[in-house]
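Reviewing the structure listed below.
Since every read-out is calculated from the coordinates, none of them should be taken as a lab result. Model, not experiment: these values are computed from the prediction. Neighbour counts are summed over all protein chains in view; Cβ atoms, including those assigned to glycine, are modelled from backbone coordinates with ideal geometry.
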Amino acid sequence: MTRQAFMARLREGLRGLPPAAQADIVADYENHFNEGAAAGRSEADVASGLGDPGRLARELRAEIGLKRWEEERSPAAGASAIFAVLGLGAIDILVLLPILMGVGSAIFGLAIADVAIFFAGGVVFAAGPFSGLPGGAGAAVLAGIGLMAGAASMGAVLAIITVGLVNALVWYGRLHYRLLKPALEPHVSGGLQ
């Protein structure tokens, strides 16, 4: 593979990343080709030593997504980390995607139920004293407060579970990357070790 073809495939795989990150990565791989040329290696030799540019781009995207999650801990960063890890391999997508969709759907459903319970508690709190519920106005106010407090607690637990699941996925991504990294790095030949 020529330098131009390698860099074109790498740039294509990096599309969507922040421009500064893309520029740094491209400059780094251009430097690999420059060093290889200075050492008398052919472009094809350097390209084969670097590995598949598509896979490199997926791994770099995963690493950037994981770092973003560690720095920001926002929903967007979490989604970025999840999709970056899923992008590492087709087999992982076939295994993880159904699991993640099921867990994500369950968490989303529980979050919707949580919001509904919170608003129901607000309605009971506000309208209960005037509707003649059993136990009187005090019981209605306390029931409304109890429903809203329970919903707030459930929301906190869901947030903790969601962060834990994203952290577990980040751990899985790092493990996956560590397992693949030795196979993707160029092998050192000769007396250097």
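Applying 1/(1 + (r/R0)^6) with R0 = 30 Å to the Cβ-Cβ distance of Arg15 and Asp45, what FRET efficiency is obtained, to the nearest 0.05?
The value I calculate is 0.65.
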Expected unfolding gain across Ala37-Val141 under the 0.36 nm per residue rule, minus the alpha-carbon gap, is 29.7 nm
Under the 7 Å Cα-to-Cβ spin-label approximation, Val103 and Ala5 lie apart by a distance in nanometres of 4.0 nm
